[in-house]
Every structure is written in C-alpha cells, then in structure tokens.
Amino acid sequence: MTNQPALTKYPVTPDGRYFVVRGRLWRLSNPALAEGERTHLIKELMNARQHVGEAKRAGDGAAERHARDLVDAAKRRLGERGPVWWIDGAPDYNRHLARNTPYAHWFAALGLEDE
C-alpha cells in the first residue's frame, strides 16, 4: 500500500501509514499526492538535508537552523509531519514505539522486537 518502494527493507503497517525502524513508527508521505508533486517535494527535502550537512560542517548555526526549517517544511508538505493525511480520525503515532501503539500485535508478529 505504500508508495515508497525504497522503504521495502522496512516493514510498513498494514494500513500504509507508517514504516518501522528499530521498533519506532515513522509516518509515510501522503499517498494522495500526485507523483509530480511528490517528486518535487522529495527533491526539496533532499536539497534541504544537503544544506543541513553543509551548514553543520561549516559550523554555521544560523544556516543550519534555516536548512532544518526547510526540511521541516518539505516533510509537512509531504504529510510526514504536521496534520495527518488520513481522514478516519485515527490518532497519529509518528515516532512512537510500535509496541506501545495499536500496532503492537502486528509488530510482535514480525519478530523484530530485538532489532
């Protein structure tokens, strides 16, 4: 159900809302985004992340803060942060440990608790 094939090495919740890394849920981008818009936003995100690294290496705190704000803005437009993109009223469990959410049984069945 996910629209992000690069994430195939990470389990995706059955509802397609999150992928799991080291037991923690991370919200996927909004699957309703048009492919062109998604591609554009991902490029913006990657550029902003590159600027974060450059600013850190240069020791430029102001530039780093600005670049991190650009990362946040791109992630919000992708639907990975901010208001949820689903409409059924379910709460957001972004960054929560899977074992502490309604996904606990699903996650336990994967046998990845110790990774």
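When restricted to residues that are in a loop (DSSP other than H, G, I, E, B) and in contact (Cβ under 8 Å) with a residue 24 or more places away in the chain, the range 58-70 contains 0. What about Ala73, is it crowded, with 16+ Cβ neighbours inside 10 Å and assigned to a helix (DSSP H, G or I)? So Ala73 passes the test. In the set (1) part of a loop (DSSP other than H, G, I, E, B); (2) out of contact with any helix residue (DSSP H, G or I) (no Cβ under 7 Å at 6 or more places or on another chain), Glu37 fails one condition alone, (1).
Is it the case, given these coordinates, that Lys9 is loosely packed, with under 12 Cβ neighbours inside 10 Å, basic (Lys, Arg) and within 15 Å of the chain's Cα centre (by Cα)? Judged against the criteria, Lys9 is a match. Of all residue pairs spaced 6 or more apart or on separate chains, those with beta-carbon atoms under 6 Å, a first member in the range 9-27 that is under 23 Å from Gly89 (Cβ atoms) and a second member that is of a type in the set (Lys, Arg) are Tyr18/Arg27. List, please: which pairs have Cβ atoms under 6 Å, are six or more places apart or on different chains, and start with a residue in the range 86-115 that is more than 16 Å from Leu28 (Cβ to Cβ) and end with one that is assigned to a loop (DSSP other than H, G, I, E, B)? What qualifies is Leu97/Gly23; Leu110/Pro11. As a summary of the residue check, Thr101 satisfies the conditions (1) touching a Phe, Trp or Tyr at 6+ places or on another chain (Cβ under 7 Å); (2) surrounded by fewer than 15 Cβ atoms within 10 Å (Cβ to Cβ) except for the one numbered (2). For the range 18-59, the candidate set comprises residues that are exposed (fewer than 15 other Cβ atoms within 10 Å of the Cβ) and farther than 25 Å from Pro83 by Cβ; within that set, the residue that is modelled with the lowest pLDDT is Arg22.
The values are calculated or read from the model by the stated rules, or taken from the named source; none is laboratory data. Computed from a predicted model, the values in this text were never measured in an experiment. Using ideal geometry, Cβ is built from the backbone for each residue, glycine included, and neighbour counts are taken over all protein chains shown.
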